[in-house]
1. Considering each of TRP134, TRP111 in turn, give the residue that is at pLDDT 90 or above, surrounded by 13 or more Cβ atoms within 10 Å (Cβ to Cβ), within 16 Å of VAL7 (Cβ to Cβ) and out of contact with any helix residue (DSSP H, G or I) (no Cβ under 8 Å at 6 or more places or on another chain).
2. Which one is nearest to the chain's Cα centre (by Cα) among residues in the range 7-33 that are surrounded by fewer than 18 Cβ atoms within 10 Å (Cβ to Cβ) and touching a residue at least 40 places away in the same chain (Cβ under 8 Å)?
3. Out of the residues in the range 32-60 that are modelled with pLDDT of 90 or more and outside any strand (DSSP E or B), which is nearest to PRO132 (Cα to Cα)?
4. May I ask you to list the residues in the range 34-47 that are touching a Leu at 6+ places or on another chain (Cβ under 6 Å) and without any contact (Cβ under 8 Å) to a residue 40 or more places away in the chain?
5. Of these, ASP83, ASP89, which one is acidic (Asp, Glu) and in a loop (DSSP other than H, G, I, E, B)?
6. List the number of the failed condition for PRO72; all other conditions in (1) at pLDDT below 90; (2) surrounded by 14 or more Cβ atoms within 10 Å (Cβ to Cβ); (3) closer than 20 Å to ASP120 by Cα; (4) in contact with a Gly (Cβ under 9 Å, 6 or more places away or on another chain) hold.
7. From LEU78, LEU128, which residue is touching a residue at least 60 places away in the same chain (Cβ under 8 Å) and touching a Gly at 6+ places or on another chain (Cβ under 8 Å)?
8. Of the conditions (1) over 20 Å from ALA59 (Cβ atoms); (2) modelled with pLDDT of 90 or more, GLU127 satisfies every one except a single condition; which number is it?
Amino acid sequence: MPIAPRVSLATLGVADLTRSTAFYQALGWPLSEASVPGEVSFFRTDGGILALFGVYALAKDAGVQNPTGPHPFRGMTLAANLDTPSDVDDAFAVVREAGGTVVKEPERTDWGGYSGYFADPDGHLWELAHNPGWPIGADGRPRLP
């Protein structure tokens, strides 16, 4: 089963979440109520979802130990949200077959989902996730509350 060709979420690792959130709000971008003040900010866009997350917290979430190693952490991840946890597991099988590097095996999360990370051949990090609170719409995009 191939991985659905979608970019659900772009997460930027930021130095100051409050400052960065205020910046995007000043651009007129709507902040979702799914945001958690002081932890993560989500913005609806005409494409996917933009997330802001503390850069060190994002590196920890992705399981990146060496930000200057062969797969350096660039302070950004891309994500594809999938319909079920088993879809995440199936997608990781495809990643392995395609030669991707699994950085963090999929696991249950503290936010009630299921998620893991892989690196493409250039070290760009991707998260494959199932979030039960963000159902996938007919257009393939997750629905924020």
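The values are calculated or read from the model by the stated rules, or taken from the named source; none is laboratory data. Predicted, not measured: the structure shown is a model, and the values here were computed from it. A quick note on method: Cβ atoms are made from the backbone with ideal geometry, for glycine too, and the neighbour counts reach across all protein chains shown.
1. Values: TRP111 fails: within 16 Å of VAL7 (Cβ to Cβ).
So the residue among TRP134, TRP111 that is at pLDDT 90 or above, surrounded by 13 or more Cβ atoms within 10 Å (Cβ to Cβ), within 16 Å of VAL7 (Cβ to Cβ) and out of contact with any helix residue (DSSP H, G or I) (no Cβ under 8 Å at 6 or more places or on another chain) is TRP134.
2. In this case the residue turns out to be ALA10.
3. Here the answer is ALA34.
4. SER41, PHE43
5. Values: ASP89 fails: in a loop (DSSP other than H, G, I, E, B).
Testing whether each residue is acidic (Asp, Glu) and in a loop (DSSP other than H, G, I, E, B) leaves just ASP83.
6. Here PRO72 meets the rest and fails (2).
7. LEU128
8. Answer for GLU127: the failing condition is (1).
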